[in-house]
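Working notes, structure below.
The values are calculated or read from the model by the stated rules, or taken from the named source; none is laboratory data. All of these numbers come straight from a predicted model, not from anything done at the bench. Virtual Cβ from ideal backbone geometry, glycine too; neighbours counted across all protein chains shown. With ligands, DNA and RNA removed, areas are computed over all heavy atoms of the protein, side chains included. Shrake-Rupley method; radii C 1.70, N 1.55, O 1.52, S 1.80 Å.
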Amino acid sequence: MSDFSITEYVSNGVETIVKNAVKATLSNPAESIFMAKFAIASKLASKKRAKAEENGEHIPAFLIASITSSCNLHCAGCYSRANHACSDSAPVCQLSADDWKKIFIEAEEIGVSFILLAGGEPMIRRDVITTASEFGNILFPIFTNGTMIDENYMNLFQKNRNLLPVISIEGEAETTDNRRGNGTYEKIVSSMNNMKKNGILFGASITVTTKNLEEVYSDSFIESLIEKGCKAVFYVEYVPVSEESSYLAPENEHREIAERKLLRIREKYSEMVFISFPGDEKKSGGCVAAGRGFFHINSHGGAEPCPFSPYSDINVKDTSLREALKSELFRKLQENGTLNEEHKGGCILFEKRNEVEKYLK
């Protein structure tokens, strides 16, 4: 791995995602036109990152922004609620839409191509999503539970193709409702059908567990998503919130099965985009959090390695994105080899959380 270049890996990954997305939208002229324009913007952003790299500054292509700590669902085994990043209490001192606008402006200036909007439930922050729509050179996947996509949001998505809803789904109806609550699957399907009817590109996010692995990689499930109009699938490995839920976290044998299934469906359903986390990180020589490939800003402005590692020593309300990327915590994680260490699987920073906490002392 001595000759490995994280910048080259991420840049190539971005270009591959865009190229596949263009292919996936050929039947939808509005999406195809946007994706073609975005492909140009993405290459320009890549050049900005390459220039920064020449000057000794590493800029990741991806940023994850948790724009709210509120959510309208109570999903079983929710990591955000377990670590108190999400709650039912009224949000306090969260970033305003203007705060996020400043972040988006700088992100575009330094060459960030993708900003993943998360929460909580990001659709609660219509003000921030409307603000994001103004930045056509950045693609904003919005990781949502899909229950709050109303007519106003449909109109916003139609007019602003840089907003890409990514709806969480656990499998078929029974599996989804078991985790997300009775009736959730029906609401999700309704949202998907409406987006297909309105020609809106959308994706699906799936939390992979030992219980649903066979189901979510099956032809029948993939084809049901295609029929609903889905064009991209994000597989995210379950991170346990307690010892009691650890049996749901995939082990090495499950990961090997998932990897084989992923290779097969990528080949069979080439018109779709399939992204696996952290499975695809194997190509990167280790975890790409803490600024290597992406970093996370929580709803209060704290710059964190990733959503599963909620530790921060710097806040973007007090500094710039550039400075946040030079965080002492990020530097220690990168230089001390924590991101490349051997681990059982899943999220290394979650597994090594005691070590991460020591870096803050």
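Couple of notes before you dig in:
- Accessible-area value, residue 211, 1.4 Å probe, nucleic acids and ligands omitted, Å²: 150 Å²
- For the range 220-275, the equivalent ellipsoid derived from the Cα gyration tensor has semi-axes of 26, 14, 9 Å, listed largest first.
- Shown is the FRET efficiency for residue 318 and residue 134, computed with R0 = 30 Å from the Cβ-Cβ distance and rounded to the nearest 0.05: 0.80.
- Label positions at residue 196 and residue 331, each projected 7 Å from the Cα along the C-beta direction, are separated by 5.2 nm.
- Cα-based shape type of the chain, given that a ≥ b ≥ c are square roots of the gyration tensor eigenvalues and the cut on a/c is 1.5: rounded
- Legend: residues 74, 296, 58, 84, sorted from most to least accessible area (1.4 Å probe; ligands, DNA and RNA excluded), read 84, 74, 58, 296.
- Anchor residue 159: aspartates and glutamates whose Cα lies under 17 Å away (excluding residues fewer than 8 positions away in-chain): 31, 127, 134, 150, 151
- Each DSSP beta bridge with both residues in the range 211-361 is either parallel or antiparallel, and the antiparallel ones are about 45%.
- Full extension of the chain segment joining residue 54 with residue 92 gains 9.6 nm, where the gain is 0.36 nm per residue of separation less the Cα-Cα distance.
- For the residue pairs 102/326; 51/102; 23/228; 48/261; 23/102; 48/231, the C-alpha atoms sit more than 26 angstrom apart in 48/261; 23/102; 48/231.
- Fully extended contour minus Cα-Cα distance, from residue 214 to residue 252, at 0.36 nm per residue: 12.2 nm
- J(HN,Hα) series, the range 103-116, from Karplus relation 6.51 cos²θ - 1.76 cosθ + 1.60, nearest Hz, glycine and proline x: 5, 5, 4, 5, 4, 5, 5, 8, x, 6, 9, 10, 10, 7
- The DSSP beta bridges internal to the chain are antiparallel in roughly 10% of cases.
- Amide H contacts under 5 Å for residue 306: 290, 296, 311, restricted to partners 5 or more places along the chain or on a different chain, H placed in the peptide plane at 1.01 Å from N.
- Using 0.36 nm per residue and subtracting the Cα-Cα separation, the extra length available between residue 268 and residue 126 on full extension is 47.4 nm.
- Overall form of the range 42-160 per C-alpha gyration tensor (a/c, 1.5; a/b vs b/c): prolate
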